[in-house]
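See structure below.
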Amino acid sequence: FTCYPLLMKTKTPDKFNWFWLTFLHTAGISGAISYYFIDGRFDLTLVALFLGFFTLAGISITAGYHRLFSHRAFQAHPIVQFLLLVFGATAFQNSCLKWSTDHRRHHTHADKDLDPYNINEGFMWAHMGWIVNQDPHIERFPFPKDLLANRMVMFQHKYYIAIAILFGIILPALIGLALGNFWGGLLIGGLFKIVAIHHSTFFINSLAHVWGRKPFDEKSTARDNGWIAFLTFGEGYHNFHHRFQTDYRNGIRWYDFDPTKWLILVLAKLGLATNLKSTPWEEIFRAKVNKDWEQLPSHKQEQLAHVYDSLVGHFALLKQKSKEAPGIITHQYLYQAYRHWQRQCVAA
C-alpha cells in the first residue's frame, strides 16, 4: 500500500489513516489466505455470513450515508436511521458525519481542486490516495448544521470506532462461533468483508468516473455503468446521480440494477421512509436533449435550432402541466418525443 500513486504531488501523508488502511487490508487479506490454507472450510454457511455482513455494510453506506444523510433524498424512521448508522459504521469508512461532509463537498466542487477525491488527480488518488493524505482544505468545510442537529448521527460520530468493531468484527465472529466456525466468522465475515466493502465503495469515486457512458451530462467525469452498479449496490449510474443528486434512485429504468432504490421503496411501502425525491421525467429527457445538443457540430446546430428550441419549450410546458395534473404526462410519450429528436439529429 506504500506505493507512489497514493502519494501524489507533494501531499502530506495522514499517518493515522495510513496505519488503519494498511492494517485493515493486511489483516483482511492475510487472514483470508491463512484461513484457506489452515482450515479451508468455505461452506455455504460461511459464504452466507460473509455476504450478509457485506450487504448490511454496503447498503447501509449507499442508502444511509449516501442517499439519506448526504443527499437527503428521502426521510427515514428513527429505527431505520439507527440501523443504517450502526451497519454503516461496519464498513470502516469513518463516521457518517465525516463521510457525508466529504461527499457533499465532492458534489459541490466535483472535478475541481476542492473535490476531496478529484478524479483529475489520478485514478488511485480518487480510489484511495485521498484517504491516506492530509487534506489542506479541511478547515474550510465545517460539518453541516443539519447533521450536527441529528442526535443519532452525533452519537455514531462519537462512538464510531466502538460501534464499528463491535458490530463489524466481534458480531460476525460470535455468529461464526455459534455456527461452529469462529475463525471463519472473524477472518472472512469480519476482516475480509471490510476489504471487500472498501473497494466496492471506492470504485464509485474512481472507476465510475472513468468507465461508462454519459447520457445526461457530458461535462461531468461521472459515468453510467451497469457493471459498476452490480458491484456497488446500484451506485454505478453515476452520470445520472451527478446530474440529479437528490433523486433517491440511481438507476431510473425498471430493469436497472439498483438494490438501494428497491430497499428505499420497500421501506416506503412499510411506512418507514417518506418524502422520496424523484426527478420528473420531463427534466430527465430535457437533460438528455441538452447533452445531445451540446455534442452536435455547429452546422447541425444551425439546422436543428428551431427543433431544439421547440422541444425544450415543449418539455417546459409538459413540466408545468404535470405539476397541475400529476400523472397526465407518461414516460412513454416523453420517450417517443426523445427518440424523434434522436432521429432528426442523425438525419441532419
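Data table
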read-out: Cα centre as origin, Lys/Arg/Asp/Glu Cβ charges: the chain dipole, Debye; value: 500 debye
read-out: Hz values of 3J(HN,Hα) by residue in segment 14-22 - Karplus curve (6.51, -1.76, 1.60), Gly and Pro given as x; value: 8, 4, 5, 5, 4, 4, 5, 5, 5
read-out: Of 119, 134, 152, farthest towards positive along the dipole that unit charges on Lys, Arg, Asp, Glu beta carbons give segment 99-157; value: 152
read-out: Extended-chain gain in nm, criterion 0.36 nm per residue less alpha-carbon gap, residue 77 and residue 177; value: 32.7 nm
read-out: Relative counts (whole %) of C-alpha pair distances in the chain, using bins that are 20 Å wide; value: 27, 53, 18, 1
read-out: Computed over segment 209-268: relative contact order in percent, which uses C-alpha pairs under 8 Å that are six or more apart; value: 27 percent
read-out: Order of 340, 25, 127, 238 under a 10 Å beta carbon neighbour criterion, fewest first; value: 340, 25, 127, 238
read-out: Theoretical gain in end-to-end length, residue 107 to residue 38 [0.36 nm per residue, Cα-Cα removed]; value: 20.3 nm
read-out: Relative contact order, percent, segment 219-348 [alpha-carbon distance under 8 Å, six or more residues apart]; value: 17 percent
read-out: Relative contact order (%) - segment 192-237, alpha-carbon pairs under 8 angstrom, separation at least six; value: 32 percent
read-out: Order of 135, 115, 258 - criterion: other Cβ atoms within 10 Å of each residue's Cβ, fewest first; value: 135, 115, 258
read-out: Helix 96-108 axis, angle to the chain major axis (alpha carbon atoms, nearest 10°); value: 30 degrees
read-out: Gained length - residue 307 relative to residue 12, 0.36 nm times residue gap less alpha-carbon distance; value: 100.9 nm
read-out: Ranking of 65, 255, 160 by count of other Cβ atoms within 10 Å, fewest first; value: 255, 160, 65
read-out: Long pairs among 145/269; 11/112; 158/269; 15/261; 219/277; 214/261, criterion Cα-Cα beyond 28 Å; value: 145/269; 158/269; 15/261
read-out: Whether segment 100-240 is rounded, prolate or oblate, judged on the alpha carbon gyration tensor where a/c under 1.5 counts as rounded; value: oblate
read-out: Hypothetical label at residue 155: residues of segment 66-82 whose amide nitrogen lies under 12 Å (7 Å Cα-Cβ projection); value: 78-82
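Computed from the coordinates by the stated procedures, all read-outs in this text should not be read as laboratory data. All figures in this text were calculated on a predicted structure; none of them were measured in a lab. Cβ atoms come from the backbone with ideal geometry, glycine included; neighbour counts cover every protein chain shown.
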